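K.L.:
Before I ask anything, let me first share the structure, which is written out below as structure tokens.
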Amino acid sequence: MEQFAYIIENWYNTHKRDLPWRRVSDPYLIWISEIILQQTRVIQGYDYFMRFTKSFPTVEALACASEDEVMKVWQGLGYYSRARNLHEAARTVWANGGKFPDTYEGVRALKGVGDYTAAAICSIAYNLPYAVVDGNVYRVLSRWKGLEIPVDTTEGKKIFAKLANDLLDRENPSVYNQALMDFGALQCTPQKPECTACPLATTCEAYKNAKTDLLPIKSHKVKVSVRFFNYIYVRAGEYTYIYQRPAGDIWHNLYEFPMIETEQELNEDELLVSSRLNEWVAGKTASVSLRCLDRNVKHVLSHRVLYATFYELILPEDTSAFAGFERVNVDDLKKYPVSRLIDRFLKKFVFS
Ligand code: SF4
């Protein structure tokens, strides 16, 4: 075993976290944990893992669930396409006899599984010799080797993949990969890595050359777009109106209130004269009562910043307005999968 692997695994023996997905070798459970942890910190991911695997403990349970059921359990985690991919992949496995694939190629062919996830599942569940390369691994390796090549370029990815593969402990890839990921998450952290107490300090180029805060290097920053959402929470007696978001944008298939997106912030008067709202209430905006409940709620997604304003609009219970929307009892809103933004609104203004 390379000295690097020996040090990392030794460190792991002392520092490893006791997590539920570490105690299993079931590839299904490891797959779920890897997808959840791609987008969330371990503390938050823990609760979602427990909830998700309680609702869907097996491939069969996940495959046989409806999309709304899966999205409801995933609600709040974000990156909803990952839940849809999990669901579709479970259905594929179930349709092919129900046995989770046990080769790298078989796992990699599942919907939503990329190189990283396939390597993680195969090494952790089957001890197959595939090196994982995630953000933690990029950080540790770029610092330890002092590599200044951007990690988000084709060339950078190739170099890091080869280095990770060269360093892999082929006898024990399961422990090695988990050790390296934990080392990046706990010791060689993005900010303030614990260099003075690090077992790699004497051989670490970034530490020697005071470059820990410069590595890893990324070639470009992702451009962030700003969007303005104006939600209309209709109260028509005990009913309200919702719709399911279409494909091709954020929150595909989640439910929300009728929404008008604008290029800048609107006030009530501007909203009342908007053609969309007039269309929904059949040109009767002069007789409706519109009240702002929450203004400019900032909601940050990976590449977007949303500013949402919520209006309450009171209509008679037998209204024929909002004809193109789904009319639901307000109490039933809890049953629908919604974004975290809508969930917060519901908790604050509807079910408080
Ligand atoms: S010495 Fe610091 S930068 Fe280098 S591997 Fe250890 S924690 Fe990371």
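K.L.:
So, of the residues in region 69-106 that are of a type in the set (Gly, Ala, Ser) and in a helix (DSSP H, G or I), which turns out to be modelled with the lowest pLDDT?
P.N.:
Narrowing region 69-106 to residues of a type in the set (Gly, Ala, Ser): 76, 78, 81, 83, 89-90, 95, 97-98, 106.
Then keep just the ones that are in a helix (DSSP H, G or I); that gives 81, 83, 89-90, 95, 106.
Working: SER81: 91, ALA83: 95, ALA89: 98, ALA90: 98, ALA95: 97, GLY106: 97.
Restricting to residues being of a type in the set (Gly, Ala, Ser) and in a helix (DSSP H, G or I), the top hit is SER81.
K.L.:
Could you list, in sequence order, all residues of region 62-80 that are surrounded by fewer than 16 Cβ atoms within 10 Å (Cβ to Cβ) and more than 15 Å from TYR336 (Cα to Cα)?
P.N.:
CYS64
K.L.:
Further question on the same structure: Write out, first by first residue and then by second, each pair whose Cβ atoms fall under 7 Å of each other, whose residues are 6+ apart or on separate chains, and whose first residue, in region 122-139, is in the same structural domain as GLN178 (by TED's automatic domain parsing) and under 15 Å from ARG22 (Cβ atoms) while the second is within 16 Å of the ligand (Cβ to nearest atom) and among the hydrophobic types (A, V, I, L, M, F, W, C).
P.N.:
Qualifying pairs under 7 Å: VAL132/MET181.
K.L.:
Further, regarding this structure: Within region 6-28, track down each residue that is under 30 Å from HIS303 (Cβ atoms) and assigned to a helix (DSSP H, G or I).
P.N.:
Result: TRP21, single match.
K.L.:
Could you list, ordered by first residue, the pairs with Cβ atoms under 9 Å in which the first is in region 269-295 and touching a residue at least 60 places away in the same chain (Cβ under 8 Å) and the second is of a type in the set (Asp, Glu), at least 6 apart or interchain?
P.N.:
These pairs meet every condition: LEU293/GLU312.
K.L.:
Can you pull out every residue in region 113-161 that is over 11 Å from ILE217 (Cβ atoms) and among the acidic types (Asp, Glu)?
P.N.:
ASP115, ASP134, GLU155, listed by residue number.
K.L.:
Another question, if that's okay. Looking at this structure, is TRP94 farther than 25 Å from LEU180 by Cα and either in the same structural domain as LEU180 (by TED's automatic domain parsing) or in contact with a strand residue (DSSP E or B) (Cβ under 8 Å, 6 or more places away or on another chain) (or both)?
P.N.:
The answer is yes for TRP94.
K.L.:
Follow-up. Report the residue count in region 29-55 for those that are in a helix (DSSP H, G or I) and closer than 25 Å to GLY106 by Cβ.
P.N.:
Number satisfying all stated conditions: 12.
K.L.:
In addition: VAL300 is checked against (1) surrounded by 12 or more Cβ atoms within 10 Å (Cβ to Cβ); (2) within 22 Å of VAL226 (Cα to Cα) and fails just one. What number does that condition carry?
P.N.:
(1)
K.L.:
Here's something else I'd like to know. Considering only residues that are touching a Pro at 6+ places or on another chain (Cβ under 7 Å) and either β-branched (Val, Ile, Thr) or within 8 Å of the ligand (Cβ to nearest atom) (or both), which ones fall in region 192-221?
P.N.:
We begin by selecting, within region 192-221, every residue touching a Pro at 6+ places or on another chain (Cβ under 7 Å); these are 212, 217-219.
The answer is THR212, ILE217.
K.L.:
List pairs: first residue in region 186-198 and assigned to a helix (DSSP H, G or I), second residue of a type in the set (Val, Ile, Thr) and within 8 Å of the ligand (Cβ to nearest atom) anywhere in the structure, Cβ distance under 7 angstrom, at least six positions apart or on different chains.
P.N.:
Close Cβ pairs satisfying both conditions: CYS195/THR212.
K.L.:
Are any residues in region 146-159 more than 24 Å from the chain's Cα centre (by Cα), buried (at least 19 other Cβ atoms within 10 Å of the Cβ) and within 16 Å of the ligand (Cβ to nearest atom), and if so, which ones?
P.N.:
Answer for region 146-159, where residues must be more than 24 Å from the chain's Cα centre (by Cα), buried (at least 19 other Cβ atoms within 10 Å of the Cβ) and within 16 Å of the ligand (Cβ to nearest atom): just LEU147.
K.L.:
On to the next question. Answer with yes or no whether GLU171 is more than 16 Å from the ligand (Cβ to nearest atom) and of a type outside the set (Gly, Ala, Ser).
P.N.:
Yes.
K.L.:
Going by the structure shown, is TYR307 closer than 14 Å to TYR241 by Cα and not β-branched (Val, Ile, Thr)?
P.N.:
So TYR307 fails the test.
The values are calculated or read from the model by the stated rules, or taken from the named source; none is laboratory data. The model shown is predicted, which means the values in this text are computed figures rather than measured ones. Cβ sites come from the backbone with ideal geometry, for glycine too, and all protein chains shown count toward neighbours.
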